[in-house]
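S.K.: Pasting a structure below so you can have a look.
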Amino acid sequence: MNHRSLSNEITLTAKISSTLIAGRVHFDCLLKNQQEILSTASVFSGIFNQGRQDSSAGCVDGDYFENVVFRSINISLAEAGLDVPLFKVLGELVHAGGSFLVSYTSVSDESRVHKQTEQALGRGYPPVVTPLGYLLFLAGCGMKLRDHRSAHDRGRDSSKLQGFKPLNVEERKKKGLSLIRELHQFIGTRPENDELARACRTRAFATIEKIHTMSD
């Protein structure tokens, strides 16, 4: 993951530290521009658990920060086209059968991506059509998504989306067909016609198209 190019101008770098649990490391992803200047804060911070062959396939679990600062310059990763390549790099860490968790109610980054994800889930939309859910899908961990919403107001930071990487091609195809059915139902039955609903329907169509492409 260290020193991976996200674009012609931006490189991803990671600061890694060990934890008290064997097989787990904490990491912070920062961006570096062409002038070798590091972003002032992380764009993703979390835990990588490599798992054990006899028990689990491991996971990535952390917080995504949509807005990044290079000195005094603020950049939106989505607007700069850096969010998808970032998630794809993180998705590569997840082995088949593993999962990728990301918080969608981050107190430290009240970004449009987090807000719209929470709003769409609150409406009962399929997780994959939310901004963060779609990023998990593009990272290879979105054929099956689970919403871990905080219950009884235990704290906003406990609300996460969990995406699972298929074990094999057969599982990917099976989950893909199930997801297509769910998305067709969503497209045909949702009456809302505001900006959020339109954006989510656009992601639904894009997801269906990408699943069909994978099957070709």
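S.K.: So Cys59 fits all but one of (1) under 18 Å from Asn8 (Cα atoms); (2) touching a residue at least 40 places away in the same chain (Cβ under 8 Å); (3) of a type in the set (A, V, I, L, M, F, W, C); what number is the exception?
M.R.: (1)
S.K.: Which residues, counting only those in segment 177-195, are in contact (Cβ under 8 Å) with a residue 24 or more places away in the chain and either farther than 18 Å from Phe137 by Cβ or more than 22 Å from the chain's Cα centre (by Cα) (or both)?
M.R.: His184, Arg190, Glu192 - these are the residues of segment 177-195 that are in contact (Cβ under 8 Å) with a residue 24 or more places away in the chain and either farther than 18 Å from Phe137 by Cβ or more than 22 Å from the chain's Cα centre (by Cα) (or both).
S.K.: Looking only at residues in segment 62-74 that are in a strand (DSSP E or B) and touching a residue at least 12 places away in the same chain (Cβ under 8 Å), which one is nearest to the chain's Cα centre (by Cα)?
M.R.: Tyr64
S.K.: Of (1) more than 28 Å from Val169 (Cα to Cα); (2) modelled with pLDDT of 85 or more; (3) aliphatic (A, V, I, L, M), Val89 satisfies all except one. Which?
M.R.: All conditions pass for Val89, except number (1).
S.K.: Please state which one of Val68, Val102 is surrounded by 14 or more Cβ atoms within 10 Å (Cβ to Cβ), modelled with pLDDT under 95 and either of a type in the set (A, V, I, L, M) or touching a Pro at 6+ places or on another chain (Cβ under 6 Å) (or both).
M.R.: Val68
S.K.: Suppose we filter segment 3-42 for residues that are of a type outside the set (A, V, I, L, M), within 19 Å of the chain's Cα centre (by Cα) and closer than 21 Å to Gly81 by Cβ; how many remain?
M.R.: So the count comes out to 7.
S.K.: Then there is this: Being under 17 Å from Lys144 (Cα atoms) and exposed (fewer than 12 other Cβ atoms within 10 Å of the Cβ) is the filter here, so list the residues in segment 186-213 that pass it.
M.R.: Glu209, His212
S.K.: Let me ask you something else. If the requirement is being in contact with a Gly (Cβ under 8 Å, 6 or more places away or on another chain), at pLDDT 95 or above and among the small types (Gly, Ala, Ser), which of these qualifies: Gly140, Gly176?
M.R.: Just one listed residue meets the conditions, Gly140.
The values are calculated or read from the model by the stated rules, or taken from the named source; none is laboratory data. Bear in mind the structure is a predicted one, so any value in this text is a computation, not a measurement. We place every Cβ from the backbone using ideal geometry, glycine too, and count neighbours over all the protein chains shown.
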